Amino acid sequence: MKVLRSIGLPVALLCLINAASPRLACLLAQTPLTSPLQEDSSAVDSSSPAGLAKASASVSPQTVARVRALDAQASQLKARGKYDEAESLYRQSLELNEASLGSDHPEVGASLNNLAALCEAKGAYDEAKRLFQRALAIKEKRLPPGHPSLAISLNNLATVHFAQGNYGEVEALYQRSLEITEKSVGPDHQDLAPALNNLAMLYRTIGRLDESENLFRRALVFLERSQDTNPVNLARGLENMAGLFRLQGKYLEAEQLCRRALAIKEKHLGESHPDVATSLNSLAGVLYASGRLPEAELLYRRALSIREATFGANHINTATSLNNLAVLYLSQKKPVEAASLFERALKITQSALGTAHPETARNLSNLASVYCVLRKHGEAESLWTQGIAILERALGPENLEVAGTLEQLADCYQAQKRLDRAEPLVARALSIRERKLAPTHFGLAASYSRMAEIYQAGGKLSESEELYKKALTAKERSLGAAHQSIGPTLHFLGLLYLEQGKYDEAERALLRSVKILETTGGADSEEIATRLVHLGLAYALQQKGSESRNLLDRALAILERRGEARVWSDRLVESLADLSLRNGNHAKARELYLRVLEQRRALSNETQLDLVGPLNALGSIHYSQNDYKMAEKYYRQALEMAEKTTGADHPDTAACLTNLATTLAMRQQLSSAEPLYRRALAIWEKSLPQGDERIRLAIENLAALYSRQGKPAQASAFYERLRGMGVQVASGGAVDIGRGSLYTVPLRDLLKQSSGRKGFDAPPR
């Protein structure tokens, strides 16, 4: 009997980390997938003619009995996850059949199919493909071209191509299978449902969503008719359609279908059946995607309990549920708890499937993701490197899953500001997706956005803008202009416009991003608070102070309503502090910057680069209030951190030197300020293009300092340099600058600090 199978696969994480802001957020790729169809791999194909399903009369009954016993025992071992032992028995069965019946007998084809399905489960896809092709060739030789049994073998071969991402081959095989089935049973028969479902799954995967929906709906019509005899098949079909709705952002419709599927399975299979766990997993994925994390957690926990009771604590299906729950914990900002579950899942997968299986690679990537959150970058990099090597061997170097893992490793490098390592990985991933996917595919849009981030971090703003626009166009065409995933792309395009000084364009993009999130269920979320803050920044830069303050107040109110039990991200707190400072609320800004320091110091040691920004900001707040003693304290800490993290000759260090020197000058410690100003000038002259504003600032500060010290000759030399740069300076010198000039952080650097992104659009697995 051909059946629909809806399998809850282990979750793959997509970690999108802003290059200057190592903040991880992960998308749960939890769409319930249907495994392409296989005939029962523990029995001879029952749809073959009776004469082809029987052994030759010349074969001894003892041999037939031995083959049947080997197949039955192997099937039991496979069901228990003992793949190596099962493979040995299937190979013995194949050898006996070949020796007694010849290489092209139907019984040999059945043995080849059994062994191929086992190899597929082990991740040995090339071997599985070879065996399925040989089994298909035997049928094609002995059966007429339109025999129904050929459709089954075509589906089996398609499963392996599907796993390897060979979507062109998959479509051809599924189309041929559907044509054979339709000719055999007619265009209006329920047996068409599996073939329609498989082709729909392919189209969903490659982004042909309208075609996918039409096929799913047609399959459901047949399944509805047969629900009296096959209610569980109907449930699985409902879950598959729900997966498409979830991808389209139709969460209410997806939830309704998942709940109906769950009720069917509970009624006909019992509340503790493993198929019920799969339905719980599917429903939890929809609730997760719609932001209902507590409800999703309860369902994931129930699914885990069922699987542990049914399969045991160390079964691969149990590892699936552990992964799902771990992703949820990560979304709830519980990285330590998530790491523990990911580590347990990895051990199970390695034991059950081996160290070279693609599922092991996915678990390595999951664990690497949480290590990146915990800032264990070296360990994360090692795990991702291992995972990429496994996937390349198993699936080929041009596989989409390889592309996704390359991007995850690139994100890890971005978190460490190692753009030279991140860019080639993102470029390779983008190249893979462009060759494999249609120009409007949502997965390609994600790659465009990643490359846009890289370009933005490297100062290639026009190139970054073009890629963000391509990503936006691809998403709008494939998912619709109001889909929730449009919001993040608009958000980051808006931030880029701010960096470019295109404030009107920034306002439009950010405002549209806010409205999309409000209408898709995120009106009271941390993410909406982040977007409101950045829109408030756009208003502030346009001198719309009232609108900016209103958005800041609204963002704070949302976060306060959510309560202290939910830990705000340090990036969001820093954004709130920045906007508070711009709106003149120094008390609130100081409170928030101190909170940023507390959060970041709790995550790691006190030499991390992310402490420099809030320390400088706190120094500036006290400086503006004429509290030079406290300003000096924070500026010295910032300088120490900058020297340890970026080096003594980095432009960021020069900025800290400038701030500290100006504060010392205001405390009349002119001789202490002079070498700091000179050192800052030397760094900037060495690292920045001639005429940069920071070089002008350093020269101006030294000119003023020497004037205050009563050193006219030295002051005059620097004033002459200013005249040469086009700065208006009074004849005979210049008016004393007085308070001196702090280094003002450029807007582009502020945006890099405050634009930690959330993950969207992981390609569904």
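The values are calculated or read from the model by the stated rules, or taken from the named source; none is laboratory data. What you see is a predicted model; the values in this text were computed from it and never measured. When we count neighbours, we look across all protein chains shown, and the Cβ atoms used for this are built from the backbone with ideal geometry, even at glycine. Surface accessibility is based on the protein's heavy atoms, side chains included, excluding ligands, DNA and RNA. Shrake-Rupley method; radii C 1.70, N 1.55, O 1.52, S 1.80 Å.
Restricted to segment 242-289, and to residues that are more than 24 Å from the chain's Cα centre (by Cα) and among the polar types (S, T, N, Q), which residue is most open to solvent (accessible area, probe 1.4 Å)? Ranking the candidates gives Q256 first.
If you take the residues in segment 89-112 that are of a type in the set (S, T, N, Q) and over 21 Å from L157 (Cβ atoms), which one is surrounded by the most Cβ atoms within 10 Å (Cβ to Cβ)?
Here the residue is S100.
Close Cβ contacts (under 8 Å, 6 or more residues apart or on different chains) running from residues in segment 383-401 that are at positive phi to residues that are in a loop (DSSP other than H, G, I, E, B) comprise G396/G165.
Take the residues in segment 571-600 that are closer than 17 Å to R549 by Cα and among the polar types (S, T, N, Q), then tell me which one is most open to solvent (accessible area, probe 1.4 Å). Looking at the filtered set, the residue picked out is N585.
Taking segment 402-422 only, how many residues are more than 18 Å from N366 (Cβ to Cβ), in contact (Cβ under 8 Å) with a residue 40 or more places away in the chain and either assigned to a helix (DSSP H, G or I) or charged (D, E, K, R) (or both)?
The total comes to 4.
Within segment 423-442, one or more residues are among the polar types (S, T, N, Q), surrounded by fewer than 24 Cβ atoms within 10 Å (Cβ to Cβ) and not in a helix (DSSP H, G or I).
For segment 197-212, the criterion of being more than 25 Å from A163 (Cβ to Cβ) and of a type outside the set (D, E, K, R) is satisfied by no residue at all. In segment 341-350, the condition of being among the aromatic types (F, W, Y), in contact with an Asp or Glu (Cβ under 6 Å, 6 or more places away or on another chain) and either assigned to a helix (DSSP H, G or I) or at pLDDT below 95 (or both) is met by no residue. Close contacts from segment 679-707, counting a first residue that is at pLDDT below 90 and a second that is part of a loop (DSSP other than H, G, I, E, B) and of a type in the set (D, E), with Cβ to Cβ under 9 Å and a gap of 6+ residues or different chains, come to S687/D649; A704/D736; S707/D736.
Taking segment 656-673 as the range and being open to solvent by 10 Å² or more (accessible area, probe 1.4 Å) and under 16 Å from E640 (Cα atoms) as the test, no residue passes. Listed by first and then second residue, the pairs with beta-carbon distance under 7 Å, at least 6 apart or on different chains, first residue in segment 299-319 and touching a residue at least 24 places away in the same chain (Cβ under 8 Å) and within 14 Å of R80 (Cα to Cα), second open to solvent by 20 Å² or more (accessible area, probe 1.4 Å) and among the charged types (D, E, K, R), are T318/E308. When T310, T318 are checked against the criterion of being within 25 Å of K78 (Cα to Cα), open to solvent by less than 30 Å² (accessible area, probe 1.4 Å) and in contact with a helix residue (DSSP H, G or I) (Cβ under 8 Å, 6 or more places away or on another chain), T318 stands alone in meeting it. In segment 66-103, the residue that is farthest from T310 (Cα to Cα) out of those that are charged (D, E, K, R) and at pLDDT 90 or above is E98.
Only one entry in V221, V232 is closer than 24 Å to L287 by Cα, β-branched (V, I, T) and more than 26 Å from the chain's Cα centre (by Cα), namely V232. When you look at G146, is it open to solvent by 10 Å² or more (accessible area, probe 1.4 Å) and closer than 28 Å to V402 by Cβ, yes or no? Answer is no for this residue. Would you confirm whether any residue within segment 202-222 is touching a Pro at 6+ places or on another chain (Cβ under 6 Å), modelled with pLDDT under 95 and either crowded, with 22+ Cβ neighbours inside 10 Å or part of a helix (DSSP H, G or I) (or both)? Within segment 202-222, none of the residues are touching a Pro at 6+ places or on another chain (Cβ under 6 Å), modelled with pLDDT under 95 and either crowded, with 22+ Cβ neighbours inside 10 Å or part of a helix (DSSP H, G or I) (or both).
Residues satisfying the criterion are absent from segment 122-133 (criterion: assigned to a loop (DSSP other than H, G, I, E, B), open to solvent by 10 Å² or more (accessible area, probe 1.4 Å), among the small types (G, A, S) and more than 30 Å from G387 (Cα to Cα)).
Residues in segment 456-480 that are in a loop (DSSP other than H, G, I, E, B) and small (G, A, S) were compared, and the one that is surrounded by the fewest Cβ atoms within 10 Å (Cβ to Cβ) is G459.
Matching residues to (1) of a type in the set (S, T, N, Q); (2) in contact with an Asp or Glu (Cβ under 8 Å, 6 or more places away or on another chain); (3) more than 26 Å from L247 (Cβ to Cβ):
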position	(1), (2), (3)
L479	no, no, no
S485	yes, yes, no
Q500	yes, yes, yes
R508	no, no, yes
V514	no, no, no
E526	no, no, no
R531	no, no, no
A540	no, no, yes
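One residue stands out among those in segment 586-628 that are polar (S, T, N, Q) and closer than 24 Å to K376 by Cα: the one that is modelled with the lowest pLDDT, which is N605.
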